[in-house]
Amino acid sequence: MGIRLAAEDLKFSWDGKRDVFSGISFNISSGELFCILGPNGTGKSTLLRCLIDLLDLGGGTVRLDGADIKKMDRQDLSKKVAFVPQGYDVAFPYTVLEYVLMGRAPYISAFSSPSHDDVRIAVKAIREAGVYHLIDKPVNEVSGGEHQLALIARALAQEPEVLMLDEPTSHLDFGNQMQVLSLVEHLRDRGISIVMTSHYPDHAFIVSDQVGIMRDGEFALIGPADTVITSNTLRDTYHVDVKVEYVNIAGRKVCIPVRHRPGCLCPTDSGSVLDEVVSVCSDPDHQCTNCGF
């Protein structure tokens, strides 16, 4: 597979003095999912907006199928790349169908109405996102999880080749998180290239092909989830003690936080982390030998 999206030595600053990030480079191919992990304030959402030219880079180039996106027509770019933001509120009671039809904007000329084909594509996107039963419901009356799926449907109505997802499972309950991840996995499998930010390392194990750990304004590591997401990298990134272990019943690795006092990176004893967590949680007198918590 050829490279679909390439980020080359990207740099961004709000004030021209202090870089939010610099030296950012990565490639993704057709049907590949790249998950960006990192703490709050490290620039993940800002990076996504730079990748779609919503913010002006201070340096570097983003290429889509080899073409510099800065030199692409905005309407053509909108037909190829779709963006799903986080925490998007809707003030007006558009129906879900009307809301998703907005994704057809790059294909509809000024002062024109959506065609029968535009409606057909929007309905197809709604079905694919699993919210067809809400098609006539006001979008500002649906649940958070349903709204997130409607947002993804609106992006799918653009018929994109690349999909940018900014923390798509943020603020969702466990069931809705898994529903969104299942949809994301399906979209990847049908050939859409996806860049997704997340605060959940476990989600990267579930759906990603490549993972980037972003901290201190750069990618500390890029590679397969099994290689990049380790106890040490999560400890260095989030400043908490986390054990990463393979769980047979899940068929994958999982991340298990270990209790500690804020600011203390307590070392843990050797042995099973599950045994240790059970022991610590069941012993009210447990104290860390390092910090006394």
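The values are calculated or read from the model by the stated rules, or taken from the named source; none is laboratory data. On a predicted model such as this, the values are computed, not experimentally measured, just so you know. Cβ atoms come from the backbone with ideal geometry, glycine included; neighbour counts cover every protein chain shown.
Things worth noting here:
- Of everything in the range 67-105 that is among the hydroxyl-bearing types (Ser, Thr, Tyr) and surrounded by fewer than 20 Cβ atoms within 10 Å (Cβ to Cβ), the residue that is farthest from Ile121 (Cα to Cα) is Tyr88.
- Any hit, the range 83-106, residues being within 12 Å of Val162 (Cβ to Cβ), not charged (D, E, K, R) and not in a strand (DSSP E or B): no
- Only one of the listed residues (Gln148, Gln158) is assigned to a loop (DSSP other than H, G, I, E, B) and in contact with a Pro (Cβ under 9 Å, 6 or more places away or on another chain). That residue is Gln158.
- Some residue of the range 137-148 being under 22 Å from Pro106 (Cβ atoms), buried (at least 16 other Cβ atoms within 10 Å of the Cβ) and small (Gly, Ala, Ser): no
- Test: residue in the range 196-215 that is surrounded by fewer than 21 Cβ atoms within 10 Å (Cβ to Cβ), in contact with a Leu (Cβ under 9 Å, 6 or more places away or on another chain) and of a type in the set (Ser, Thr, Tyr): yes
- Qualifying residue in the range 173-183 (condition: farther than 16 Å from Ala129 by Cβ and either touching a Phe, Trp or Tyr at 6+ places or on another chain (Cβ under 8 Å) or free of Cβ contacts under 8 Å to residues at least 60 places away in the same chain (or both)): yes
- Where Glu128 falls short, out of the listed (1) among the acidic types (Asp, Glu); (2) assigned to a helix (DSSP H, G or I); (3) under 20 Å from Ser29 (Cβ atoms): (3)
- Residue match in the range 53-60 (condition: within 15 Å of the chain's Cα centre (by Cα) and either modelled with pLDDT of 95 or more or not in a strand (DSSP E or B) (or both)): no
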